[in-house]
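Heads up, the thing below is written out as structure tokens.
The values are calculated or read from the model by the stated rules, or taken from the named source; none is laboratory data. Small disclaimer: the values here were computed from a predicted structure and weren't measured. Backbone-built Cβ (ideal geometry, glycine too); neighbour counts: all protein chains shown. Heads up: the accessible areas ignore ligands, DNA and RNA and are worked out on the full protein's heavy atoms, side chains in. Shrake-Rupley method; radii C 1.70, N 1.55, O 1.52, S 1.80 Å.
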Amino acid sequence: MVRFPKIKPVRDYTIWDSFMVSSAPLQVFSTGRLLPALTIASLLLLSPTAQAQTPSLPESAPVDTQTPEDLQTPGDNQDLRPLAQGILSVQGGQQLMSEAGSAVSAQNYDLAVNKLQQARQVFNQLSNFHQDLAASFAGIDTRIADAQRQQAFQTAQMRDEATYQLALVHRAQNKPELAVPLLVQIVRSQNPTRDLGKKAYQQLLELGFVDTPFPRDGGVEAPTP
């Protein structure tokens, strides 16, 4: 809503004082003496000086026809909570992953390692925190406990993805001794039967850390009792 400025009354003291009526009793002038006086008054009012002293009224301000929806900026619908766009968030970890990908494309492996390590740490902390909250609400509020457990799973998956990419960068740096511990962690976290677990085990096979392919051509053997 547009606030219009208050217009204060302006008094033209120069013209007003020159025609101030005295408090003395009104005297009647003859027609011959009254006409010259009126003529002089008219000339004074039409003179440039008098016109310049006449205050001009401000132009009317345009009426604001915008609705509250029109006044919203593109970012008004975004999540404005402090952590929503901070480093300790899924968006923060994904941003680090994106920066790591750009560094790999530029063959700046040291920067890529740094970004991936940060992303891995962020996702790992998020997963642990959500898991703790899920355990705290277990038996108290099933809805919150299930939601936190789901978020813990999703961020753990993102952590393992960042770990896998970090292992690949270490391979590109010819540092297999740094890649092996990360790949073993992925297999343990993901389970060898899941896609990411299979890919991590395949990397261990290519590095020569393990000798037996998985899965075997005949399928996965059932564990012996």
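Annotations
- Per the conditions (1) within 19 Å of the chain's Cα centre (by Cα); (2) touching a residue at least 12 places away in the same chain (Cβ under 8 Å); (3) not in a loop (DSSP other than H, G, I, E, B), the sole criterion not satisfied by residue 88 is (3).
- Total residues in region 207-225, condition surrounded by 11 or more Cβ atoms within 10 Å (Cβ to Cβ), of a type outside the set (A, V, I, L, M) and either modelled with pLDDT of 95 or more or in contact with a Cys (Cβ under 9 Å, 6 or more places away or on another chain) (or both): 1
- In region 116-132, the residues that are within 15 Å of residue 96 (Cα to Cα) form Cβ pairs under 6 Å with partners that are open to solvent by 60 Å² or more (accessible area, probe 1.4 Å) and modelled with pLDDT of 95 or more, at six or more places apart or across chains, as follows: 116/165.
- Looking across 99, 177, one residue alone is modelled with pLDDT of 95 or more and under 30 Å from residue 215 (Cβ atoms). It is 177.
- Those residues of region 117-141 which are over 23 Å from the mean Cα position of the chain (by Cα) and among the aliphatic types (A, V, I, L, M), in sequence order: 133, 134, 135, 138, 140
- Residue in region 118-126 that is modelled with pLDDT of 95 or more, β-branched (Val, Ile, Thr) and open to solvent by 20 Å² or more (accessible area, probe 1.4 Å) present: no
- Screening the candidates 135, 200 for the property of being modelled with pLDDT of 95 or more, out of contact with any Leu (no Cβ under 6 Å at 6 or more places or on another chain) and hydrophobic (A, V, I, L, M, F, W, C) yields one hit, 135.
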